[in-house]
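Comments concern the structure below.
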Amino acid sequence: MNPLASTIPTVRLADGRDVPALGMGTWHMGERQGRRRREIAALRAGLDVGMTLIDTAEMYGDGGAEAVVGEAVSGRRNDVFIVSKVYPHNADRRGAIAACERSLERLRTDRLDLYLLHWRGRVPLAETVDAFERLRRDGKILRWGVSNFDTADIDELVTVPNGTRCAVNQVLYHLGERGVEWSLVPRCNALNIAVMAYSPFGEGGLLDDERLRRIARTQVVTPAQLALAWLVRQPGVIAIPQSSDVAHVVENRAAVATALSASTLAALDAAFPPPRRARPLAVI
């Protein structure tokens with residue numbers, strides 16, 4: 001069977017929109033002009049095989065990653081779910097609107113499908129949510145969310161006016177970093193907030209872990225495919241691996257064809273145990 005023929009599972013957001021559980025990240029893209037053509041080719045290859053969710057941020061490459069995405073999706077914008085993020089220091093009522101407009105210009109689009117607060121800063125949550133809601137009413141964003149929010153932050157967010165409109169919480173989550181499973185993922189699930197897993201390979205370190213490599217060999221898949229297959233089977237979780245290599249993008253896409261047996265899942269739990277206590281949210 002052609003692994004690329006397997007349908008990518010989807011995650012349903014609170015407003016009913018279904019998005020791919022496997023998308024693409026862009027951290028470190030747009031930093032060097034010499035890599036631009038390769039980065040665009042990788043993103044387009046992902047789109048060609050159904051990885052139609054792309055995550056970026058104004059921080060990445062100081063806007064350079066957004067410009068790369070804008071070029072990559074040219075002519076096919078309506079087929080792509082674009083996510084971007086605002087710096088915390090830009091997240092006040094005026095700043096968030098101005099930052100969003102700059103992102104839209106770099107992305108060559110008139111709207112974002114999802115706009116996230118990159119991490120929590122000094123601006124009151126109520127003010128950021130107010131700005132996001134204005135952007136949503138104006139059609140510049142279709143929905144909004146947060147990133148790097150721990151359980152207490154989510155609990156506070158949903159108490160502010162319109163805070164329950166939060167669609168996504170993007171956090172560090174992979175086999176080697178499962179702390180979010182203690183309380184954050186269950187809380188997000190209860191509130192119908194999707195979890196977007198950034199750095200699903202632990203900045204590459206996870207792929208060198210001999211425990212993962214050993215289990216991957218028994219499945220006749222790559223460590224990356226095993227790590228992604230495990231993530232996308234988690235309810236309400238969207239994984240956004242980043243790669244500027246077309247071959248790696250295709251390898252990532254094939255992960256959804258990986259069936260995980262009960263014995264494989266048990267082996268992964270033994271090698272990478274779920275949390276036994278609460279601990280602070282890990283971030284990169």
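The values are calculated or read from the model by the stated rules, or taken from the named source; none is laboratory data. None of these values were measured; they are calculated from a predicted model. Here the Cβ is made from the backbone with ideal geometry for all residues, glycine too, and neighbour counts use every protein chain on show. When the accessible area is computed, the model is the full protein with side chains, heavy atoms only, and any ligands, DNA or RNA have been set aside. Shrake-Rupley method; radii C 1.70, N 1.55, O 1.52, S 1.80 Å.
Structural remarks
- Tally of residues being touching a residue at least 12 places away in the same chain (Cβ under 8 Å) and either among the aromatic types (Phe, Trp, Tyr) or closer than 13 Å to residue 86 by Cα (or both) across the stretch 98-113: 7
- In this entry, residue 212 is excluded by the filter for residues that are hydrophobic (A, V, I, L, M, F, W, C), assigned to a helix (DSSP H, G or I) and open to solvent by 20 Å² or more (accessible area, probe 1.4 Å).
- Test: residue in the stretch 85-92 that is in a helix (DSSP H, G or I), in contact (Cβ under 8 Å) with a residue 12 or more places away in the chain and open to solvent by less than 70 Å² (accessible area, probe 1.4 Å): yes
- Residue count for the stretch 93-123, restricted to those that are assigned to a helix (DSSP H, G or I) and open to solvent by less than 10 Å² (accessible area, probe 1.4 Å): 5
- Close pairs (7 angstrom Cβ cut-off, 6 or more residues apart or separate chains): within 25 Å of residue 194 (Cβ to Cβ) and of a type in the set (Phe, Trp, Tyr) in the stretch 22-51, in a helix (DSSP H, G or I) and open to solvent by less than 50 Å² (accessible area, probe 1.4 Å) anywhere: 27/60
- Filtered by the rule that a residue be part of a loop (DSSP other than H, G, I, E, B), polar (S, T, N, Q) and open to solvent by less than 10 Å² (accessible area, probe 1.4 Å), the stretch 32-84 gives a lone residue, 56.
- Search result, residues across the stretch 163-205 that are within 18 Å of residue 113 (Cα to Cα) and in a loop (DSSP other than H, G, I, E, B): 166, 167, 192, 193
- The set of residues in the stretch 246-277 being more than 28 Å from residue 53 (Cα to Cα) and among the charged types (D, E, K, R) consists of 269, 276, 277.
- Per-region count, the stretch 226-264, residues under 17 Å from residue 42 (Cα atoms), open to solvent by less than 40 Å² (accessible area, probe 1.4 Å) and part of a helix (DSSP H, G or I): 5
- The set of residues from the stretch 183-201 being more than 21 Å from residue 213 (Cα to Cα) and of a type outside the set (Gly, Ala, Ser) comprises 184, 185, 186, 187, 188, 189, 191, 192, 193, 195, 196.
- Some residue of the stretch 220-229 being over 17 Å from the mean Cα position of the chain (by Cα) and over 23 Å from residue 53 (Cα atoms): yes
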